[in-house]
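Worksheet: the structure to be examined is printed underneath.
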């Protein structure tokens, strides 16, 4: 029987597929793919998310112990191939590879939406609301209750990029998936594309959550604070009252505008960081990317 030819989307994908299959002769392809995305996700998370460092470092060491030094070096090279592929442009690189290797067929009948379809659906869903939300609060929030490899969120970022809007500054995503492999794939891709996002390993129906994965763009961009402040009502300031309490400013003939600027600086002083958004936030975004996607 002739060996089946695998159709890859790019040279980088073909090289990564070959790498994983070579290691898979000893460990099994599904296990190697699962461990590859897990170790990659652990490495990225531990660079920025100190809340979960100890647990994820222990999981990383447990996972990597299954492989030889040469296999570990090859797995690290595999992550470099993902980086190179995503530098060529926004795409669902890992989701497409998952399907090319027929891992979806072998595991619970799982199938990922092709990226071209995801782009079309993101364009239909984003609509005119994107610009109005950005003008109102500076950014737009999107959610995907079954993230898969991250195709829809990546497609939403792609749509903003095509519209001339920097998604790295003006879009935040919250995503959920019940499958930890999908969570790891989405987290890796959103992290490497610098999408501010929180990816939950959880159940969108029962609202149970087992872990959260905050992308480097989320952590380094202080999005916990941005999201909290966006939901807070604007403070009501009575200039004449504050001026009366600051006679030294009045005597110096400092304008009300200057007084308000001082007060604004005081309000912006660092405070204790609150808890990050919970899984409940996935149901109150600016745009739910699945609203018009029931067939997919």
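Throughout, read-outs are computed from the coordinates displayed, never taken from laboratory work. Worth saying up front: this structure is predicted, and the values here are computed from it rather than measured. Counting neighbours? That spans all protein chains shown, and the Cβs are built from the backbone with ideal geometry, glycine included.
Using 1/(1 + (r/R0)^6) with R0 = 30 angstrom and r between the beta carbons of residue 220 and residue 131, what's the FRET efficiency to the nearest 0.05?
It comes to 0.70.
Distance from the Cα centre of the stretch 56-99 to that of the stretch 22-41, in angstrom?
Spelled out, the Cα-based centre of one part sits 9 Å from the other.
Considering all projection directions equally, how large on average is the shadow of the alpha-carbon convex hull of the stretch 11-106, in square nanometres?
About 6.5 nm², averaged over all directions.
Based on Cα coordinates alone, diagonalise the gyration tensor for the stretch 94-229, multiply each eigenvalue by 5, take square roots, and list the semi-axes in whole Å, largest first.
Ellipsoid half-lengths, sorted descending, are 25, 18, 13 Å.
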